[in-house]
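Student: Okay, handing you the structure first.
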Amino acid sequence: MTTSPGIEDLLEQELRDIFGKEYLSSDIRVGKGRVIARLREVSRLWEKTRLLTLAHRVGLLISKAIIRTNMNGLNDIKNNIILSPIAEYVTPNTTFAIRAERAGIGHEYTSIDIARKAGEAVIEAVKAKYGLPPKVELDYPQIVVHVDVIEKEMYMYISLTGDLSLHRRGYRIYDHPAALKPTIAKAMILLSGIHDNEILLDPMCGGGTIPIEAALTFENTTNICMDINSRHLNGARMNAIAAGVISKIKFVLGDTRNIGGSVSEIVDHIITNPPYGIRLGNPRAIRKLYKDFILSAYKTLRYGGKLTIITPEYNYVDAVIEAAGMTLRKIHERKVAHGGLYPRIIVYEKK
Ligand SMILES: C[S@@+](CC[C@H](N)C(=O)[O-])C[C@H]1O[C@@H](n2cnc3c(N)ncnc32)[C@H](O)[C@@H]1O
């Protein structure tokens, strides 16, 4: 399985919870953005796979190898693919496509080079076994073969979940320009520790990803989705309709700098993804927004309640809390990959 780097442990736990010991052997391995598990049996695999909320892709691992980062790495990829059992799955009667990804520094080759070399290797392996090559079909392949190079490791797998990543939930009909990956939203919800019968507020909810994921996870949380922008708030409503959770979310047009002006409840959880400010290009304005938001969030949060935030401005958030003398204690912090950045998810508890 693949996921966003930084939430692999949560995916591993979800996998254990959904599949259980009956299906999983105990040796689960975790790499950067990957969780590799051995299944004792594959019956009901699809039924269980569909329940995973933190995975991006689920695949059948065909080959895993350490490869070089210089141009010789391309030959390492080719040799490993030729030695792999890929020709048991791709035959002259099936069409296939390679989807290549590369992450990490120091590679002399690009993902396009990886795809080209891997494609050649698959064709060679199939020809060696059957005497005929398979057909490449880039748009609608019957078999999607992924070749991911993550630093020095190559993972080759056949997608078991189609060509689209599972983080593309079908409900996102309004595409917010700075939307959070639903898998990361779900990770924030799990890390916050929220449970049924609690009140959650996302005071900068954009397209509604966090309240929607919460509403999909819990029967009985009260979910409040607030944004200052009515276009985004209407978009969040549309997404909630598509997700089938419109009746479980309250939508509020309001300003996060004065939450109490629009939301009368004292809440158990504030879980939010404020603007990062990278695109706004005005660090002072964004810092002022953060400061006013934290002061306002503190008033709306009950004692014992949690503030869970994802931001690249984690040092600034700490500084604001300290300067204001707020009794918000950090109880969790982790780095995650999101949109080419490494923001942190931080959970604070109001003491
Ligand atoms: C990074 S986006 C949130 C994206 C959201 N998590 C999603 O997945 O769609 C930040 C949101 O904060 C909202 N925002 C900015 N300033 C605000 C303010 N003062 N009060 C409330 N919302 C604000 C923006 O309109 C934007 O929708």
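Student: State whether segment 8-159 is rounded, prolate or oblate according to the following rule on the C-alpha gyration tensor (a ≥ b ≥ c being the square roots of its eigenvalues): a/c under 1.5 gives rounded; otherwise a/b larger than b/c gives prolate, and the remaining case gives oblate. Intermediate values should be presented prior to the final figure.
Tutor: Details: a/c = 2.07, a/b = 1.35, b/c = 1.53.
It comes out oblate by the Cα gyration axes.
Student: Size of the chain along its principal axes in angstrom, Cα-based, largest extent first?
Tutor: 73, 41, 39
Student: Let me ask something else about it. Under a straight-distance cross-link criterion of Cα-Cα below 14 Å, which aspartates and glutamates are reachable from Lys291, leaving out those fewer than 8 residues away in the same chain?
Tutor: Within the straight-line cut-off, Lys291 pairs with Asp255, Glu313, Asp318, Glu322.
Student: While we're on this one: Restricting everything to alpha-carbon atoms, can you work out Rg to Rh for segment 182-350 with a Kirkwood hydrodynamic radius?
Tutor: 0.93
Student: A follow-up question, please. Tell me, what are the semi-axes, in whole angstrom and largest first, of the equivalent ellipsoid of segment 107-185 as set by the roots of 5 times the Cα gyration tensor eigenvalues?
Tutor: Numbers: eigenvalues 187, 59, 24 Å².
Working from the Cα gyration tensor, I get semi-axes of 31, 17, 11 Å.
Student: Could you let me know the centre-to-centre spacing of segment 301-337 and segment 165-208, using Cα atoms, in angstrom?
Tutor: That distance is 19 Å.
Student: Counting only DSSP beta bridges with both residues in the chain, tell me the antiparallel percent, nearest 5. All intermediate terms of the calculation are to be shown ahead of the outcome.
Tutor: Values: 33 of 59 bridges.
So the antiparallel bridges in the chain amount to around 55 percent.
Student: Here's another thing I want to ask about it. Of Lys152/Lys330; Lys48/Lys186; Lys21/Lys306; Lys78/Lys181, which sit over 26 Å apart, Cα to Cα?
Tutor: Values: Lys152/Lys330 34 Å; Lys48/Lys186 18 Å; Lys21/Lys306 33 Å; Lys78/Lys181 33 Å.
Check vs 26 Å cut-off fails for Lys152/Lys330; Lys21/Lys306; Lys78/Lys181.
Student: Per-residue ellipticity at 222 nm for the chain, helices alone: DSSP H runs ≥ 4 residues times -39500 (n - 2.57), over residue total, nearest 500 deg cm²/dmol?
Tutor: Values: 9 runs with 116 residues, N = 351.
One gets -10500 deg cm²/dmol as the mean residue ellipticity at 222 nm.
Only the coordinates and a few stated rules stand behind these numbers; no lab work does. All values derive from a computational prediction rather than experimental measurement.
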